[in-house]
1. Restricting to segment 7-244, compute how many DSSP beta bridges are antiparallel as a %, nearest 5.
2. If you count, for each residue, the other Cβ atoms within 10 Å and average over each peptide, how do 161-168, 127-134, 227-234 line up from highest to lowest?
3. Which of the peptides 136-143, 216-223 is most tightly packed, and how do the rest follow, going by the mean number of other Cβ atoms within 10 Å of each residue?
4. Rounded, prolate or oblate: which fits the chain when a ≥ b ≥ c are the square roots of the eigenvalues of the alpha-carbon gyration tensor, with rounded for a/c under 1.5 and prolate only if a/b beats b/c?
5. With a 10 Å radius around each residue's Cβ, average the other Cβ atoms per peptide and rank 107-114, 169-176, highest first.
6. Rounded to the nearest 500, what is the 222 nm mean residue ellipticity of the chain from helices alone, with -39500 (n - 2.57) per DSSP H run of 4+ residues and division by all residues?
7. Report, for segment 120-206, the % of DSSP beta bridges that are antiparallel, rounded to 5.
8. Given the options Gly211, Gly41, Gly181, state which has the largest fluctuation in a GNM of the chain using a 10 Å cut-off (strictly under) for Cα springs.
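What follows is calculated from the coordinates using simple rules that are stated; it is not laboratory data. Everything numeric in this text was worked out from a predicted model, so none of it was measured. Positions of Cβ are backbone-derived with ideal geometry, glycine not excepted, and every protein chain shown enters the neighbour counts.
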Amino acid sequence: MTESPPARIFADSAEACRTLAAELAGLVASINASGRPAVLGLATGRTPIPFYAELIRLHRAGELSFARVVTFNLDEYLGLPAGHPESYHSFMRRELFDHVDIPAENVHIPDGTIPPDQLDAHCAAYEDAIRAAGGIDFQLLGIGRTGHIGFNEPGSPRDSRTRKVELDPITRQDAAPSFGGLDHVPTHAISMGCGTILEARRIALLAWGKGKAAIVKEALTGPVTDRVSASFLQEHPDAAFYLDAEAGSDL
Ligand code: F6R
């Protein structure tokens, strides 16, 4: 028997982000007070942008410091140098890191320019770094229309680890507008695996808009299957979905 993660449905994404950001600020403060850095797993894409804006607001208000925060991003496109405007390195600087007090050495994002012969070692080192940091306290997720978390496309095993993945055609289509056309969207990425993600002690998945309603319902109430990697969250002891009214409208 599995018990589905709670679906917390808010009037809009702003309210969901305010709620979760306040919870996260409390978590970081209490972990820091216990004498160690807080370890956060971070996501990119459209969904977390208003959440990061709220974290920046809390930071500016003196209610959240990243001085003792260590971060691990879920994924990075293969072939994109950190300086490429669509790389997740650029995204994270633009949307969060440039605006808060996180020490540069505490930030971890897979290297999209790693040569093929070093890729496996790079992925293993990423896993080692997560373990060395004490594991992830809080993992932020979005969900793709394929049901992916990170870039764990349909067929990704429950126990998969950080590795090279091939992007689903739907995922590439969704990314095409920001890359100025499908031809410019990378075909592969490095992504934490389902197993890596599921080891986080607490997980929050965010989803906004009608376009996510069907896959949110499938992930929460459908079978636990590698066809929808977000369905594995049903088996996590402390995962919750933070939804706006539209994303929760099929539940
Ligand atoms: C991003 C990631 C992806 C996205 C998902 C949703 O780091 O790993 O799983 O969270 O593709 O993307 P958006 O938020 O753009 O709809």
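1. For segment 7-244, the DSSP antiparallel bridge percentage is about 25.
2. Descending packing order for the listed peptides: 227-234, 161-168, 127-134.
3. 136-143, 216-223
4. rounded
5. In decreasing order of mean packing, 107-114, 169-176 become 107-114, 169-176.
6. Estimated from H runs of four or more residues: -10000 deg cm²/dmol.
7. The answer is about 50 percent antiparallel.
8. Greatest mean-square fluctuation among the candidates belongs to Gly181.
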